[in-house]
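The values are calculated or read from the model by the stated rules, or taken from the named source; none is laboratory data. All values reported here derive from a predicted model rather than from experimental measurement. Positions of Cβ are generated from backbone atoms using ideal geometry, with glycine treated the same way; all protein chains shown enter the neighbour counts. Areas reflect the complete protein model, heavy atoms only, side chains present, ligands, DNA and RNA absent. Shrake-Rupley method; radii C 1.70, N 1.55, O 1.52, S 1.80 Å.
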Amino acid sequence: QVQLVESGGGLVQPGASLRLSCAASGSIFRVYDMGWYRQAPGKQRELVAGITSGGSPNYADSVKGRFTISRNNAKNTVYLQMNSLKPEDTAVYYCNANLLRTGTILRVDTWGKGTQVTVSS
């Protein structure tokens, strides 16, 4: 069994920073792309940032210049540094990992349960 566990969400004021973490654990052979998605009330889930196993990032236009994604391959962990937060960043943030489980031959997408980020004065 494989699980992703997110941490670091919370309630902050506009302009503040937060750092999200997500650790993958369990019977993992290899982790490929990892990423962060978010879903605000009444909206579809959207990609915030992704990062390849080689460390190449990509970002949604709405967070470019404010958010930074990084990863530690040795720990199967991905991070999202969020600066200059805005009320429109309020959402549940989900971690995603494309990975190969031990003893299998097919890569699967695995999701965390999400962490709430609220930006409000």
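Points to keep in mind about this one:
- Top-ranked residue of region 94-121 - restricted to ones that are open to solvent by less than 10 Å² (accessible area, probe 1.4 Å) and within 17 Å of Pro14 (Cα to Cα), ranked as farthest from the chain's Cα centre (by Cα): Val119
- Of all the residues in region 67-85, those that are surrounded by 13 or more Cβ atoms within 10 Å (Cβ to Cβ) and in contact (Cβ under 8 Å) with a residue 40 or more places away in the chain number 11.
- Taken over region 39-58, the criterion of being under 18 Å from Gln81 (Cβ atoms), open to solvent by 60 Å² or more (accessible area, probe 1.4 Å) and either touching a residue at least 24 places away in the same chain (Cβ under 8 Å) or not aliphatic (A, V, I, L, M) (or both) is satisfied by Ser56, Pro57, Asn58.
- In the set (1) surrounded by 19 or more Cβ atoms within 10 Å (Cβ to Cβ); (2) under 12 Å from Thr90 (Cα atoms), Cys22 fails one condition alone, (2).
- Pairs meeting the criteria (first residue in region 104-121 and in contact (Cβ under 8 Å) with a residue 24 or more places away in the chain, second residue open to solvent by 40 Å² or more (accessible area, probe 1.4 Å) and part of a loop (DSSP other than H, G, I, E, B), beta carbons under 7 Å, at least 6 apart or on different chains) are Val119/Pro14; Val119/Lys86; Ser121/Gln13; Ser121/Pro14.
- Considering the conditions (1) open to solvent by 20 Å² or more (accessible area, probe 1.4 Å); (2) in contact with a Cys (Cβ under 9 Å, 6 or more places away or on another chain), Trp36 is excluded by exactly one of them, (1).
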